[in-house]
1. For Ser118 and Ser66, what is the calculated FRET efficiency with R₀ set at 45 Å and r taken between the beta-carbons, to the nearest 0.05?
2. Between Ser30 and Val43, what is the label-to-label distance in nm when each label sits 7 Å out along the Cα-to-Cβ direction?
3. Using each residue's phi in the range 31-46, evaluate 6.51 cos²θ - 1.76 cosθ + 1.60 at θ = phi - 60° and report the 3J(HN,Hα) Karplus result to the nearest Hz, with x for Gly and Pro.
4. Step through the residues of the range 180-185 one at a time and calculate ³J(HN,Hα) from phi using the Karplus curve (6.51 cos²θ - 1.76 cosθ + 1.60, θ = phi - 60°), rounding each to whole Hz and writing x for Gly and Pro.
5. Hey, if we sort Lys180, Lys50 by accessible area with the 1.4 Å probe, largest down, what's the order?
6. Whose amide H sits under 5 Å from the amide H of Gly124, counting only residues 5 or more places off or on another chain, with H placed in the peptide plane?
7. Can you list the HN-Hα couplings for the range 68-80, worked out from phi with the Karplus curve (6.51, -1.76, 1.60; θ = phi - 60°), rounded to whole Hz and with x for Gly and Pro?
8. Non-local amide H neighbours of Ser138 (under 5 Å, H modeled in plane, Pro and chain starts lacking H): which ones?
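The values are calculated or read from the model by the stated rules, or taken from the named source; none is laboratory data. Note that the coordinates shown come from a computational prediction; the quantities given were computed from them, not determined experimentally. For neighbour counting, all protein chains shown are included, and Cβ atoms are generated from backbone atoms with ideal geometry for every residue, glycine included. With ligands, DNA and RNA removed, areas are computed over all heavy atoms of the protein, side chains included. Shrake-Rupley method; radii C 1.70, N 1.55, O 1.52, S 1.80 Å.
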Amino acid sequence: MKRSPAGALAVLLLLPVACTADDDLPHGVSALKPACEGILDSVSLAEAAKSTEIDRVRSPSDPKISYASAVKELKWNMVEVCNVPFEDNPTSESPALSIQFDVSDGSLYPREERRSTSGYDAYGLKNGMQAVSDGYSSTILFPCTPKGASSSINVTGTIENDLNLTVRSLFRAVFRASEKMIAALKCENKIFLPNVATMKPFPEG
């Protein structure tokens, strides 16, 4: 029996539509906005929107971040609290955006050397803090005395990106992530992260 056009349309409407879980995840700026507990501000999102790579950005398949869980591992290992992948390589070691924390035995640069180099800009901050940036990544080091601990530790937070974010945006994001880590660590010493707008690197020398 010849199928009528209306019947054929009905069959087509009943056919299952193939899709993947990744297709349902937000793309581009929509993926970045809530990522990493919303640490990117409007200026940073506007910068990312201009990147030639922005359309490849996807939300993490498991976007939940627990700084409390990260703290438990921080004593022994570097912990990643944020990883926003590119769609075509979700397991790559070079994601669109990532933030890691670690405990450092040393400093980011020799404390007696108040200078930047051709490889990175160095920033001297107050209260034992340091910062460096190479344009692609930015790192903050801050001393923390965790609640109940007998001594302080040096905690480093590093943000890396492939979205051409400016150094100021990178520092704003890693500082906001650091505030969450400071709260999770329950640092008993007072930590005042700097105003990014006032940060100036040492001259090269």
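1. Numbers: r = 39 Å, r/R0 = 0.86.
The formula returns an efficiency of 0.70 here.
2. 2.8
3. 7, 6, 4, x, 5, 6, 6, x, 7, 7, 7, 5, 5, 5, 5, 5
4. 5, 5, 4, 5, 5, 6
5. Details: Lys180 70, Lys50 175 Å².
I get Lys50, Lys180, largest accessible area first.
6. Under 5 Å from the amide H of Gly124: Phe202.
7. Karplus values, whole Hz, x for Gly and Pro: 4, 5, 4, 4, 5, 8, 4, 5, 10, 9, 5, 10, 9.
8. Here the answer is Ile159, since their amide H atoms fall under 5 Å of that of Ser138.
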